[in-house]
Amino acid sequence: MIYSTNISKSIYALILFMLSNIYINEVLAQCTAPAGCDASCPSVCVSDATLAGIAGGLCLGGTTQLLCLDWNGQGDPSTITLDYSLTPSLGETVALVGNAAGDQVCIEVTTPEATDCNITETQLAINAITPSGGCTLGYDLNISQPLAVSEQGCDINTGTIFGFLDLLTTLNGQLPPLTVYPSYEVIVTDPVCDGDNGSAVLSVNGTECTSTAGTAGISNACPSTTDTDGTLVYDFSTFSIGALADGTQITITEAAAASCVTGNVSDNITVDCLMSCASCPTVTAVGASATEFCHNAAVTICVDFDAAADDVTVNGASVAVAGDTQICYDVTANNMACASADETNTPTVMCTLTNMPIAIPNDAMWTTYPMLTEIITAPDCSGGAGSAVLMAGDGTMCQNIPGVAGTPNVCPATDDVDATLTYDFTSFNDPIGCFVGTSGIAPIDCAVACAVCTVDVSAAPAAPIVTESVCEADDVTLSGGIIDYSGVVCPAGSTLQYSDDNGVTWGITTIDYNQTDAITVSVRCLCDEDMVTVSPITSITTVPDVCPTCTADLSVAPAAPIVTESICEADNATLSGGVIDYSGTSCPTGSAIEYSTDGGLNWGSVAPSYDQMNSVTVDIRCLCDFEGTTSSVTTISTVPGICIPCDASHGTISIKSVSGGN
C-alpha cells in the first residue's frame, strides 16, 4: 500500500546521514521493536544492509525511490506527524510505499518538471518525528562505520548516539546535500541528402541547454545532381551545467544520472549521399601533387578514371573521358588558423575543389598547415614593455606574449623603466615550411645618470607657530586660529614643501588653519638639484577650541499658558477680566523662556499681557543658554469678549397704563 505524506523526508534525511558514514555489516532478516518498547508502535531498524540502495540524487519531473528501510510493520505511516525543513523546497510530493511482505517501507519522491538547465542541491533537516495514538517512533541502530554503533530507543526525538550525542541534532549536522538534476532530453535530427546537416539538442522542458550541428561534406556537381554528404557527431555525456553553492561544476554522465536523460547522450551519424550519375565516369583514384600544403595555397588535384565514359562538362566545355584518363583541378585548403602545426597534431582536412564536375569519394583528404605571421614590438624607454604576437592569415591572434616592465626609478625629469621581452613561437613549426617559429629575448636598459645633491638638508626645518582658535561670545563661532610659517625656512638650493596627509602628497602651497577641525601639517626641504633628496620631516597638529554645547533637553515645546478671556461688564461698555496665566509654562534648566507677538520675528524675555479689547497671538519657546538651540514653538491666541451698547437713534418705547372697564 502507498501512504502519501511528507514525513518520509525526515526519515530519508535520517538514513541519508547514516549512509554517508557507514558500510554494509549485516542483513536484518526481520525488523522488531527495540527491547523495552511497545511492540505495537512503529519502529525502524537501521543496519548496514538496509542502506545499500540509497540514491545520491533525484530527477525533477519524475519519481525517484530514495531507499528502502526495515520496518516492524506496526502503525500507519500516514498518521505520523513530523517537523522538518527542506531547503530549498522543490514543490515535491513524498510517499511511503510498503512492500508485499510488510517488513520494509520504501521512500519515493515525486517532483515537478524543471524549468531551466541548472543542477541544484537541497538540504533536509529533521526537528521531530511523532506517531499518533500515544506512540513514539522506536529505533534500532546496528551499524559498523565509522565506529561500531549498537543503539536502541523508544523515541527517536530524545534518542542519543553513544549515550551522549543527541540523535536528531547529530544527524542534521551530518546530512549531505541531495543533488537535484533536471530531466534532460536529447533530441536528434539526422543529416539528410538534401543538404540538411542535422543537429542534436540537449534541453530541459523545452529550454535549450546546448546543441551541436552536423557538418556538411564536399558538395560536388554531377549532371543535374548535388552530392552532399553529412555527418553529425555529438557527445553530451560530459555536459557541465550549473554552479552549486561551493562553486563546483557537476558533470552529467550516463552513469551519474542515467535516469535523468531521455535519449542517447552521444552518437556519430554519417549519411553518404554519393549518387550514381548518368553520364558520369567512375572515379578509381584521387590524388594530389602533394599530400601536404599550406593554408590557402593553390594546389592541383588529379582524378583518374578506370574506363571509358561519356563526355563530362568541365568549365562549361564538353570533355571526352577515355579509360585511364586523368583530369586535374585547382584546390584551395580550408582555413586552419592557429592550429598547432606539428606533425603529431596536424588536422587532416577536406579541401574545397573548384570546377570539379564529378563525385569525389570520402577519402579525398589532404593535410594542411596554417600560415602564421610574427609581429614583434620591442620595449622602449617611454614605459612600453613591448610584445610578441602570432597572427593567423585571417587576422586571428593565435598567441600574445607581453614584455615585462622593470622597476621605475626617478631621476630629474626622466623615468627609468627597464623592460624585457622574451618570446618563443618554435612550437608552431611545421615540416613543410609554411611557418618557422622563432624565439628571442629583447631587453632594454633605460638607466640614466642622475644628478647628485650638494645642498645640506640633513636638518629638519623649524616647526610653524600655531595660535589656536577660541570660542566667541555667541558660544557658537570659533575664530582666531593661525599657522605662522614665517620662521620656517630651508637652505638655499632647496624648496620648502607642505603636506596635510601625513606625507602621502607634498606641495609648495602653505596650509591654512582649520578653525573647527584638528589637522596635522608636515614640512620638509626638497633638494632642487636632484628633486629626490629630502630633509627630515617636522610636523605640528592643531587643537581648535570647542564651544559649549547645550545641555538642556529641548526636544519638547513648552506647555501652553492658560487663557481666561475678557467679558463685558454691566455697563455694557467695558471689557475686563482677561488674563494669560504663564505659571505653568517653564523651560528646562540650562535654557530660558522667550515670547513673541509678531509671529516669531522678534523674541523677548517679558511675558505679554492680555489685551482686554483686541485679540493677540503669543508664541513661546525655550532658548539654550549657550549656543542658540531652541525648542519647538507653542502658540496661543486670545478671543476677547464683545459689548453691544443700546442705540437711542432708534426711538423710545413707552408703556401706557389701561384701567379696566374704560
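Can you order the peptides 514-525, 627-638, 596-607 by their average number of other Cβ atoms within 10 Å per residue, highest first?
In decreasing order of mean packing, 514-525, 627-638, 596-607 become 514-525, 627-638, 596-607.
Counting only Cα, what are the radius of gyration and maximum Cα-Cα distance Dmax of the stretch 501-557, in Å?
Reported Rg and Dmax, both Å: 19.4, 69.
If the label point is 7 Å along Cα→Cβ of A460, which residues in the stretch 476-491 have backbone nitrogen under 18 Å from it?
So the set is 484-491.
Using 7 Å Cα-to-Cβ label points, what is the V639/V504 separation (nm, one decimal)?
6.6
For the stretch 439-545, just list the percent of Cα-Cα distances falling in each 10 Å bin from zero outward, please.
Result, from short to long distances: 14, 34, 22, 14, 8, 4, 2, 1, 0 percent.
Can you tell me the FRET efficiency between I540 and A492 if r is taken as the Cβ-Cβ distance and R0 is 22 Å, rounded to the nearest 0.05?
For I540 and A492, the calculated efficiency is 0.35.
I want the local charge near Y139. Using Cβ-Cβ distances under 9 Å, sum +1 for each Lys or Arg and -1 for each Asp or Glu among the other residues.
Residues close to Y139 contribute a combined charge of -3.
With a 10 Å radius around each residue's Cβ, average the other Cβ atoms per peptide and rank 230-239, 573-582, highest first.
Ranked from most to least packed, the peptides come out as 230-239, 573-582.
Using a 1.4 Å probe on the protein heavy atoms, what percent of the accessible area of the stretch 496-635 belongs to carbon and sulfur?
C and S atoms contribute 52 percent here.
Kindly provide log₁₀ I(q)/I(0) values, in the same order as q = 0.13, 0.18, 0.25 Å⁻¹, from the Debye equation applied to equal alpha-carbon scatterers of the stretch 66-161.
The Cα Debye sum returns log10 ratios of -0.61, -1.08, -1.45.
I'd like to know how the stretch 484-642 sits against the 2.2 N^0.38 Å rule of thumb: what's its Cα Rg over that expected value?
Ratio of Rg to 2.2 N^0.38 Å for the stretch 484-642: 2.07.
The values are calculated or read from the model by the stated rules, or taken from the named source; none is laboratory data. Keep in mind that this is a model prediction, so the values were computed, not measured. Counting neighbours? That spans all protein chains shown, and the Cβs are built from the backbone with ideal geometry, glycine included. Surface accessibility is based on the protein's heavy atoms, side chains included, excluding ligands, DNA and RNA. Shrake-Rupley method; radii C 1.70, N 1.55, O 1.52, S 1.80 Å.
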